[in-house]
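The values are calculated or read from the model by the stated rules, or taken from the named source; none is laboratory data. None of these values were measured; they are calculated from a predicted model. Note: ideal-geometry Cβ built from the backbone for every residue, glycine included; neighbour counts use all protein chains shown.
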Ligand SMILES: Nc1nc2c(ncn2[C@@H]2O[C@H](COP(=O)(O)OP(=O)(O)O)[C@@H](O)[C@H]2O)c(=O)[nH]1
Ligand SMILES: [Mg+2]
């Protein structure tokens, strides 16, 4: 399973599956992070605890835990 | 249809879509505009009159969805469910159609009249996004208007649409879910009709979504959810609906919008390449903060001498006209030195607020939350805590309120407990006063920055301790939008600074004025017999000192002073700590009164700065600064703290926590500086 967290900066791919459940999943979905959505890693912070991704023109910051729960192609 | 020609409009939208700005442009009011979530934390009303109708706008906190994810969203959801309003004005950012339409699809389910605003159209058109608003209007079954709150475009069309829709009958939305859901909805509806109940789509939806428990329908609902589970790989009903919504939003966005030019990277991405760079991001942020405090001190101290001498000569001038000694002392030593001491710092305050409002309006604030989350997380805080914390540099009151953007109660409480460590604007006068007295002007800016930094670091340590011992538990996930960078609207930055200036002056003219009078009174009475001292040839200054020490304030100060003896505080400093609880600026006003009483009234009054230099050693001054930095919040902030935490016991915790920390830290500071 390859997750969003393993992507390099400026790497583009598509979302395969969301592994989180409940409200977190709903929040991710409401930002457009769903199966087949195109996703790109933009930046990460110093400790690499957080990454910034871009989906449909929206920039979203995630913590590594959340990024690891997003499976990509 | 419309009562008294008044139309109540609930303005709803995701964060940063320009709701507040749009309301300002529609109604010529001055609601606060910012570029991060959590600026509008409470609903605010503004009104306008158009074509004979009075239109009332209610600015609700930005919500990504109608899910009670944060307190903000709870306020909005509750308002929409149970308050009185005629129309929903759904404002959306036309550069992010899909994400915004997610909320729209939820709003349509509320079965209320609705008008959709495609805001920020200036930006989306510049980026080459064309939106077919007529087609969008057909698909959603509601009126749609294009608008730019920035340029005022579409203003009259929006007001017209609101009035038209208020007068029309309500039409149910035509949004369709995917096949399996529609099938189940129809089943439920048919069954409801067969047992003579309301078989409307709205009712069926509520039942299917489990928002209503119903014995009669239990079997049919169970089979419906089994059927859906098969289709949706075991998702819960809420999860299914969230996917449905984004699918609908995506479908509509694709159908109505066209990109004509495709720019590879927009400005926001380019700026972020630098500002949130993995290596330079944090140093840039620290540099910007350092710069802010440097400017606050340097630029702010330029008019200080001027204000100081104006106040002094004003006192002298007035003093010459007052014959009665007591009266003159009250006005010159009490009111003018008390209020004047506080006025001195107006320029510093304005610069600080200007800086903070720049942070707020440009969108940089969320970036810093991103940069700091990893670091904050280790201390038991959340990246989003940065927003209330930095607001705390201005004033703790809005800071406590903006902590509402934090979803987890624990994160919110910890953040609120340490907001006090972020020195608020009212403490700035105390800092500037002492720094001016004890450091050269080259060092001053750095010392000021250092103080704020120490506060922040102590706050982080405090957070860690609270997390470890008091508020234990799971972490809140970090999912945060980084909004598009926008140039600040100068009108609103100006407005924020202007309001702050006005509030500061008002406080000086009322609260601090009264406090100065009380302090003057308490420091001049009771009158004691000094005749025999004069006979004994004791100098006038000595006599004044003796009188002061035996005044109410002096006596009270002396009773408590032993507690602060280890920190080196004299009784004047001790007293000012207590009066400072009313408001932190009062610390300065108190010192202004207490240290000016030793003077001959008609003498050119020496400035407070010089007085402090003479009467206090450096170690005491530093310990005092640290104590003021940490000890309990002012009266007004305490009230808000209790209200926002919802429990009085937390206030008790806060008092114990801050007082102990203040005392220990001040003591350590004192030791360090006496050793040097
Ligand atoms: N270019 C452009 N910027 C806008 C427009 N409306 C709002 N903004 C900016 O968007 C940001 C968020 O505005 P605000 O009113 O606080 O949004 P709210 O969170 O929905 O209340 C601010 O920086 C505004 O200056 C618009 O129509 N065009
Ligand atoms: Mg707002």
Test: residue in the range A:13-21 that is facing chain B (nearest Cβ under 7 Å) and surrounded by 15 or more Cβ atoms within 10 Å (Cβ to Cβ): no
Residue B:484 vs. criteria within 14 Å of chain A (Cβ to nearest Cβ) and within 16 Å of ligand 1 (Cβ to nearest atom): yes
The range B:200-223: number of residues that are more than 46 Å from the chain's Cα centre (by Cα) and more than 19 Å from residue B:241 (Cα to Cα): 5
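Residue-by-condition table, conditions (1) within 22 Å of residue B:65 (Cβ to Cβ); (2) at pLDDT below 85; (3) touching a helix residue (DSSP H, G or I) at 6+ places or on another chain (Cβ under 8 Å):
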residue: B:172; (1), (2), (3): yes, yes, yes
residue: B:179; (1), (2), (3): no, no, no
residue: B:213; (1), (2), (3): no, yes, no
residue: B:240; (1), (2), (3): yes, no, yes
residue: B:248; (1), (2), (3): yes, no, yes
residue: B:259; (1), (2), (3): no, yes, no
residue: B:267; (1), (2), (3): no, no, no
residue: B:270; (1), (2), (3): no, no, no
Any chance residue B:83 is under 23 Å from the mean Cα position of the chain (by Cα) and under 23 Å from residue B:24 (Cα atoms): no
Looking only at the range B:1-26, and only at residues there that are over 20 Å from the mean Cα position of the chain (by Cα) and in a helix (DSSP H, G or I), the one that is nearest to ligand 2 (Cβ to nearest atom): B:22
Residues within the range B:27-57 that are modelled with pLDDT of 90 or more and within 16 Å of ligand 2 (Cβ to nearest atom), tallied: 1
Matching residues in the range B:154-199 - criterion: being under 37 Å from the mean Cα position of the chain (by Cα) and either farther than 22 Å from residue B:136 by Cα or exposed (fewer than 12 other Cβ atoms within 10 Å of the Cβ) (or both): B:164
Residue in the range B:312-321 that is in contact (Cβ under 8 Å) with a residue 60 or more places away in the chain, in a helix (DSSP H, G or I) and buried (at least 19 other Cβ atoms within 10 Å of the Cβ) present: yes
Number of the condition not met by residue B:64 [criteria: (1) assigned to a loop (DSSP other than H, G, I, E, B); (2) buried (at least 17 other Cβ atoms within 10 Å of the Cβ); (3) away from ligand 1 (no atom under 16 Å from the Cβ)]: (3)
Residue B:187 vs. criteria within 13 Å of another protein chain (Cβ to nearest Cβ), part of a helix (DSSP H, G or I) and in contact (Cβ under 8 Å) with a residue 12 or more places away in the chain: no
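Provide a single number: the residues in the range B:338-381 that are part of a helix (DSSP H, G or I) and away from chain A (no Cβ under 14 Å). Full working, then the answer.
Initially, the range B:338-381 is screened for residues part of a helix (DSSP H, G or I), giving B:338-343, B:346-362, B:364-378.
From what is left, the residues that are away from chain A (no Cβ under 14 Å) are B:338-343, B:346-362.
Residues meeting the conditions: 23.
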Count - residues of the range B:47-70 that are touching a helix residue (DSSP H, G or I) at 6+ places or on another chain (Cβ under 7 Å) and more than 14 Å from chain A (Cβ to nearest Cβ): 12
Residue match in the range B:248-259 (condition: more than 14 Å from chain A (Cβ to nearest Cβ), surrounded by fewer than 17 Cβ atoms within 10 Å (Cβ to Cβ) and part of a helix (DSSP H, G or I)): yes
